Amino acid sequence: MSTRAVLSPDGTRYRITGNKMWITNAETADVYAIFAKTSDDPGITLFMVERGTKGFGVGQIFEKRVVENSSFGELILNDVEVPLESVAGKVGYGSQYAVRMLNSGRITIAALAVGLAQRAFDEYLEVAVEGKKTAGKHLIEYDRTKARIAEMSTEINAARDMTFHAAWLKGRFDDNPDNRDLLRDYVVASNGAKLKASLVAQKTCEYLVKIWGASSVVKENTAMKHYLDSWLHYFGEAVPEVLENTIAQMETKKYNTRKGL
Ligand SMILES: Cc1cc2nc3c(=O)[nH]c(=O)nc-3n(C[C@H](O)[C@H](O)[C@H](O)COP(=O)(O)OP(=O)(O)OC[C@H]3O[C@@H](n4cnc5c(N)ncnc54)[C@H](O)[C@@H]3O)c2cc1C
């Protein structure tokens, strides 16, 4: 984390300096959640910074190929002066808040991915059942197509159930925030749901592109758009490798607790 927040000598204000990349709604938001290393604490602190604050600006805005309905770009903070009231929660607790936001945000991404997968699957069925014919037969008549339909149906249902389960555990944890066992189950479930759903969405979109064949590369065809959108769910709120590490870490903690290690 290169963004720094320096407390003024009289302890009444912070001055924040740094850049943030790949920010959704970078040029349209009114208030921004900014994490920064604070000079008066070894930890990270969360600040709420309003658009228009002196020294705060929007840098480069990128045209993206995925989810084109939101802006995406860079934030520049150049000696942005904010009062102590801009600190969200407690000074030095930013990492904890970030982890909480990520655990919850990963369920949101999982839900988005399940929705995308279902849409791609519905379109796949339409092509297979009513679309083009090969050697006089609709594609649904081929065993390979049936196997793919079964695979997608099963995987989407699994991803959806995992997402609901993670959301249910989040609700239970929110009601019992001091329960460490529940926290570990919740973290495993939210990371697992995002991992599963993002990969299922990507695979389903890939199958949709494939069944369309050459037509999929035509701009008006939505298959390729769905496939590109699936990368948002793949990257957003951490890549699979990071999710796998988190799940493995939590499962190890659960094991150690069970074994008294
Ligand atoms: C459309 C979109 C909107 C976004 N909006 C926001 C936003 O509003 N706010 C915000 O803060 N961020 C936002 N992001 C950024 C997003 O959070 C990051 O893209 C995400 O956390 C992944 O980080 P990264 O892109 O740096 O990829 P990395 O984490 O660097 O991963 C890139 C590759 O490195 C390899 N890799 C990474 N980690 C490991 C590992 N542990 N082990 C092995 N290999 C590994 C993998 O091959 C991986 O695919 C957005 C991104 C996108 C695409």
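Brief remarks on what is shown
- Computed accessible area, LYS20, all protein chains, 1.4 angstrom probe, square angstrom: 40
- Most mobile of THR246, THR163, THR28 in a GNM of the chain (Cα contacts under 10 Å): THR28
- Legend: P(r) of the chain from all alpha carbon pair distances, 5 Å bins from 0, whole percents, reading 1, 6, 10, 12, 13, 13, 12, 11, 8, 6, 4, 2, 1, 1, 0, 0, 0.
- Among LEU46, HIS138, PRO177 the positive-end extreme of the charge dipole of the chain (Cβ point charges): HIS138
- Taking every protein chain into account, the accessible area of segment 1-92 amounts to 58 square angstrom per residue (probe 1.4 Å).
- Dipole of the chain computed with +1 at Lys/Arg Cβ and -1 at Asp/Glu Cβ about the Cα centre; of VAL80, CYS205, LEU232, farthest Cα towards the positive end is CYS205.
- Mean accessible surface per residue for segment 94-259, computed with a 1.4 Å probe while every protein chain stays in place, in Å²: 54
- Treating r as the C-beta distance of ALA98 and ARG144 and R0 as 30 Å, the FRET efficiency rounds to 0.10.
- Among THR252, ALA166, SER153 the positive-end extreme of the charge dipole of segment 94-259 (Cβ point charges): THR252
- Computed over segment 4-86, Cα set: Rg, Dmax in Å: 13.6, 47
- Just the protein heavy atoms count here, and of the accessible area of segment 4-86 at 1.4 Å, carbon and sulfur take up 50 percent.
- Net lengthening on full extension, LYS64/GLU241 (0.36 nm per residue, minus Cα-Cα): 61.4 nm
- Heavy-atom accessible area ranking, 1.4 Å probe, most first, across MET152, MET162, MET101: MET101, MET162, MET152
- Under 14 Å, Cβ to Cβ, from ASP79 - net charge with Lys/Arg +1 and Asp/Glu -1: +3
- If the segment from ILE76 to MET48 were pulled out straight at 0.36 nm per residue, it would be longer than the present Cα-Cα gap by 8.6 nm.
- Against the chain, whose longest principal axis comes from its Cα atoms, helix 180-212 is set at around 40 degrees.
- Tilt relative to the chain, helix 240-259 - C-alpha long axis, 0 to 90 degrees, to 10: 70
- Using alpha-carbon coordinates, inclination of helix 143-175 to the longest axis of the chain, degrees: 30
- Lysines with Cα under 26 Å of LYS194, excluding same-chain neighbours fewer than 8 positions away: LYS20, LYS64, LYS170, LYS203, LYS210, LYS225, LYS253, LYS254
The values are calculated or read from the model by the stated rules, or taken from the named source; none is laboratory data. These figures come from a predicted structure and were not determined experimentally. Glycine gets a Cβ as well: all are built from the backbone with ideal geometry, and neighbour counts include every protein chain shown. Just so you know, the surface numbers come from the protein's heavy atoms only, side chains and all, with ligands and any DNA or RNA stripped out. Shrake-Rupley method; radii C 1.70, N 1.55, O 1.52, S 1.80 Å.
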